[in-house]
Every structure is written in C-alpha cells, then in structure tokens.
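In what follows, a structure is listed as structure tokens, so that the remarks can point back to it.
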Amino acid sequence: MDQTIIRLEDVRKSYGTVEVLKGVSLSVEAGSFVAVTGKSGSGKSTLLALISGLEPPSEGRLFVDGREISEMDDESLSRLRRETVGIVFQGFHLIPSLTALENVVLPMAARRKRPSRAAWEEAHSLLAQVGMDRRAGHKPGALSGGEKQRVAIARALISRPKILLADEPTGNLDEATGEAVLDLLGTTCREQGTALLMVTHDTDISARADAVITIRDGRNYHA
Amino acid sequence: MQLRYLLRELLHRPGRAVATSVSIALASLLAIAALAVADAYSTGLQQPLRSVGAGMIVQLTGGIPPKLEGIVFPHPNAMLPPDGVMRIEAEVDGAVRRAVYMWDIAPSGFISALGVDVKGLDRLDSSLEAGRRPAPEASGEALLDGDYARRLGKTVGSTVAVGGKAFTVTGIVDSALTGKVFRADVYMPLSRAQGLAAASPQVGALYPFTPNDVNLLLVDIEHENIERLTHRVREILGSKAVVSSEMSLRDAIEGVFFLSRRMGVFLATVVGVFAFAVILRATATSVNERRTEVAVLQGLGWPWSAIRMQLVAETLVLAGFGALLGTVGALAVLVFVGAIDIAIDLPWDITSTPHFLAEAQVNRQQLVSIPLEVPIPAMAATWAAAVATSALAVLIAVGRARASPWHALSDG
Ligand SMILES: Nc1ncnc2c1ncn2[C@@H]1O[C@H](COP(=O)(O)OP(=O)(O)OP(=O)(O)O)[C@@H](O)[C@H]1O
Ligand SMILES: [Mg+2]
C-alpha cells in the first residue's frame, strides 16, 4: 500500500443534477501504466479532471501522492499540478505565441519569477529526449501533430511528476505517429518512474497496460 | 508576470495589440483635448472679473434717486450696510477690496468714476499706458481711462472735474487691460470717492452714506470657495444682494456654458463608452480566444493569481501605451490649436451701463482669448481611467474563463 500514488474512495461527481461518476473507488500504483476505457460520455475525462485537481469531487475522498485533494486550496492544487501531476491532451494545447522550448519551460514560470537556468537546460534535454531538440526555436504553428504532441509530453514531464494524466493523447494523430508517441510516453514514464494514467479506446494499448479501469454507468470495473 | 511571454503574446497578435492601443490612444486624445478646451472655457469665464482682480463682486440693489443730476449711485450699487461689509470681510479673512462706483451726471454728459483702495490702485498701476498712479492721500489726483481721455483730448497733467471737484490726471489707463467690468472714466483713491458720495444730495436722499461707506466689494476668492461665499453673502445682505462670479456669468452666458457643458457630456460619452466598449470587446475576444490557453496554464500548475496577473499585465501594457500615445497626440493638438476665443456678453449690473442714457450705450461684450493649457489633472484622470477600465475589463473577462478548465481542454 506504500506504493499507492492515487486512491479514490467512493468518489462521486455531478454536474448540476446529472451524476456522472456514481461511486468510483480505485487505487493506482506508483510508476504503473493504467489504461482508462469506457464509452463516450461515460466520465473518463471527468475522472482525470478530478485527479488533476482541476475539478472538485462532489463526494468521496480522493488522495493524490498521499494528500487529500478536497482539502487543498487553489494555491496547493496548482502546486500539485506543478510538481506532482503532468497532463497531456488530445489537442496538444501548446501556447501558439511561444516556441517549443518556451512551451516546455512554461510550468517552471508559474511562480512569477523567471525560469532558472537549470529549468532551461532541463527543457532542452527533455526536447532532446522526445527528439525535438532541433525544433526548439519553432512555434507550434510550424510543427506537425506528432511533433506538437512530443513537445506537449516534454512539457508535462519537465517537473519530473510522479503522475502523468493523458486524455486520448493520440486521438488527433494518424496510426503510425500515434504508435510512436505512445512508445515515447511509455518509455519516458518508465524511465522517470512516472505513473501513467491514459484514456484510450485502443484495445492493443489496454493490453499493454499494468491495469485497465473501465468506466460504465458511473462506476469503475477493474480488469 | 512573465515578460517574455507577455511580449510574445503581443507580437503574436499584432492586429489586436495595435487596434487596442490605437483605440485607447484616440479615446485619451479626445478626452484630454476636450477637457483642455472645457478648462479654457472655465478660465475664460473667470477672466472678466479677474481683470478687476476679483473672483467675486458684491453689490446691493438700491433705489432710484429723485433727480438724475450730480453724483448718483447706479441702480445695482446701493450703499452696503457697514456691519454687512465687516461680516463679509470676516468670511474671507480680509481678502476684500472696498470700492465706490458712481456717476456724475450733467446736462452735457456723464462721467463714471470708481474709487479704489490702495490695493486697487496697485492693480491699476500695472495697466498704466502713461503717467503714474495717484498718491492715495493726495487730495486731487486721478487716473483716466484711455478711451475716455482720447475722446476728451486729455493727457497726463490735464484736469478733470468730478462732482464739481477738480482732479489732476496723473496717468492714463489702458482700456484693453482694465477690461469691461466696472470700467470707469475716472479712477480715484477711495477716500476721495467716499467724500464726493457723502456730499451728494442725490446719494443722501436714498442712503445715510458717510465718508466711511462703500457700495461695491471686490472679493479675491478662489474658484472652489465661490459657492459657499455666494450663499453666505446672500444670508448677510438679503435678497437684494447682487453677487457676480464666474458662476453667475455662466448662468448669464448660456451660449458659452451650453457649449462647454455639451462638450463635457460629449467627451464623457465618447470616451467612456467608446474606450470601455473597445477594451471590453478586445479583452473579451482575446480571453475567449484564449479560453483554452488559460485552461492550459491552469493545467500546468499556474496559480489563478498568476494567470490573472499575466492577462492584466498584457492589457495594461496596451492601455498604457495607448494612453501615452494619446497624450502625445493631445499635446500636439493643443500646441497646434494654441488658444480659443470666446465672446462674453457681460450682464449690465457689473458693467453698470447707464441704461437710461441712450447715447451712452457701452459695448458690454468682452472678448477673451484663452491659451489652451496642458490639463495635468485631466491627463492623470484619463490615464487612471484607461488603466482602471482595462484592468476591470480583463478581470471581468478572465473571471468568466475560470470554470471547468479540463473540459475546455479535452474537447480535442
Ligand atoms: N462542465 C460540464 N457540465 C455539465 N456536464 C458535463 C460537463 N463536463 C462533462 N459533462 C458531462 O459529463 C459526462 C461525462 O463527460 P466526460 O467528458 O467525462 O466523458 P468521456 O468519457 O471523457 O467522453 P469522451 O470519450 O467522449 O471524451 C458527459 O455526459 C458530459 O456531457
Ligand atoms: Mg473525454
């Protein structure tokens, strides 16, 4: 149990009168790869949003890295995302006005002070790790989808988070590119000992996961 | 606040940056220029009274003398009650100049004469076009109005008779400099005028006028105290008090005031609505466009305060730049236009036009040319408004972008 990095106890989430999650309990081991599956609208994104602290649960207890999220204020929640939880989306969501390198260093600029020299160096080496160091000075507009996602992964990993949340990270990519990006995600997370929680519809990927969480009727089923 | 990010963002959307700055610049320019013009109008209204060194003139409406001959007081210049004079002086801590205004009516024509105290003589001194001021205690020295002197062919050293007494002309006053408020043909020391009035049967028939009494007070008072003192004077002197100031001129000169007030309303409407609408629209658009960007920052662990600060800073840079640009433009306009001219039709009670004498019609219109000045307070207010409305607009727009960041991002 010492290895548990995420734990949900009977977590419920409603939007208005619509209850999306109706009692989810689960735990995720540190460094493991967990696939999250379920039909469209079943609440997969909602589950990840709760874990990121960007959405508060309506009921239940939710522990991330040993701290209960519902008891944290905006400041500690943003610190959690800055230090413990990295996020990658289907839509990449790089800042269009910033270069690849500046995008990667952006999480380190959250504290109103300029990013340190070490942060810039770390950003460089992460870009190298995802094979994008040659494009460090380019803006997102000049990058392909796969390249953008590589940069987004580097950005999510710059703080060496213990958890990486990925919501359909290959949804906008063609198959071959998607495969490559998934390999990259898998290997870098494994290298860094980062737990990877990934929403996916791809059964091949689920097969490779350490665990699969399927959400149906607002509840989860461990496979 | 991340400066590099801020600059990148402004350069990334140059169209928006330019449009916002230029809108704010235009609004600031309009505001500052219009306020400068309105200021000039306000200064212009003070000018006629300032030409006699007063912010306010106090008179009392009186009776009509049994005969219009010799020394008489004009209708709005009844004798002021001595205790009333003292109470008014106490109100403004002595910043009052006592004076006597009178006409000397003869079958051949009439002379207007003003008796002023030492300070009044000091003032006239600066308007002399020839000669010197009369000695206050000298028995028979006076100044002549330039126009009057030329009409009668008088020069320094001539004599002139008022109330049957001869005066030696020691100096000629430039009519253009003395203005038209209580313009007189002859200016003399106060005690001499008081003596003439006290000896006049027509004055005596109406008032118990002694050589210590006066019928006119010139009050040196600041703009901001006018309203209060007007009120007090009316309490002290009653309903017959005639209190003239830039305020009463404003009422009397509807045209000018109307123009300047309209300008103020025009300005407020244009600047307020235009600027705020533009800023609100620009920031709302930019925040909407960047709804996902805001969510990304939230997702990357930027505290809400830092995100808000970043967006506010962006807009403030544009607003500040725009306000600066507008100020420079406004200064250029002010320098180019230079001055505005206004014509003020003075009310007859402060010119004391002898309305009963057809041949003595005096042109009561005073032309005033006011240099446009840099309105520092207006500029400060414009900047403050630009900054405050921008900040407010961003805060409004940003506040709405806060909810449900994850779902803004997971749409794909
Ligand atoms: N902010 C919100 N307000 C109201 N309802 C919401 C909100 N966000 C999500 N929902 C609803 O909650 C349900 C679950 O949404 P969620 O995005 O978690 O599903 P999902 O499993 O990720 O679906 P997909 O595979 O299509 O991405 C949906 O019915 C959705 O309409
Ligand atoms: Mg989803």
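The values are calculated or read from the model by the stated rules, or taken from the named source; none is laboratory data. Here the structure is a predicted model, which is why all the values come from computation and not from measurement. When we count neighbours, we look across all protein chains shown, and the Cβ atoms used for this are built from the backbone with ideal geometry, even at glycine. Ligands, DNA and RNA are excluded from the accessible area calculation, which covers all protein heavy atoms including side chains. Shrake-Rupley method; radii C 1.70, N 1.55, O 1.52, S 1.80 Å.
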From the set of residues in region A:190-221 that are within 14 Å of the chain's Cα centre (by Cα) and within 14 Å of chain B (Cβ to nearest Cβ), which is nearest to ligand 2 (Cβ to nearest atom)?
A:V199
Select from region A:16-67 the residues that are within 14 Å of another protein chain (Cβ to nearest Cβ) and more than 16 Å from ligand 1 (Cβ to nearest atom) and list them in ascending order.
A:V64, A:D65
Which strands (runs of 3 or more DSSP E) does region A:125-223 wholly contain that include 2 or more residues that are more than 16 Å from ligand 1 (Cβ to nearest atom)?
A:163-167, A:195-199
Being at pLDDT 90 or above, away from chain A (no Cβ under 14 Å) and within 31 Å of the chain's Cα centre (by Cα) narrows B:I32, B:I57, B:I24 down to just B:I57
With criteria (1) at pLDDT below 90; (2) assigned to a strand (DSSP E or B), B:Y187 comes up short on (1)
Cβ-Cβ below 8 Å, separation at least six or inter-chain, first residue in region B:1-19 and over 18 Å from B:I307 (Cα atoms) and at the interface with another protein chain (Cβ under 8 Å from one of its Cβ atoms), second part of a helix (DSSP H, G or I) and among the small types (G, A, S): which pairs?
B:L11/B:A17; B:R13/B:S286
When region B:56-70 is examined, which residues are found to be assigned to a loop (DSSP other than H, G, I, E, B) and open to solvent by 20 Å² or more (accessible area, probe 1.4 Å)?
B:T61, B:G63, B:I64, B:P66, B:K67, B:L68, B:E69
B:T43 vs (1) open to solvent by 30 Å² or more (accessible area, probe 1.4 Å); (2) outside the structural domain of B:A332 (by TED's automatic domain parsing): all pass except (2)
Pair list, Cβ under 7 Å, 6 or more apart: region B:392-412 residue closer than 27 Å to A:S40 by Cβ and open to solvent by 10 Å² or more (accessible area, probe 1.4 Å), other residue within 13 Å of ligand 2 (Cβ to nearest atom) and of a type in the set (S, T, Y)
B:H407/A:S45; B:S410/A:S45
So which of B:G53, B:G94 is open to solvent by 30 Å² or more (accessible area, probe 1.4 Å), assigned to a loop (DSSP other than H, G, I, E, B) and either free of Cβ contacts under 8 Å to residues at least 60 places away in the same chain or in contact with a Leu (Cβ under 8 Å, 6 or more places away or on another chain) (or both)?
B:G94
Need the failing condition index for A:G43 against (1) within 16 Å of ligand 2 (Cβ to nearest atom); (2) over 18 Å from the mean Cα position of the chain (by Cα); (3) within 15 Å of A:T214 (Cβ to Cβ), just the number.
(2)
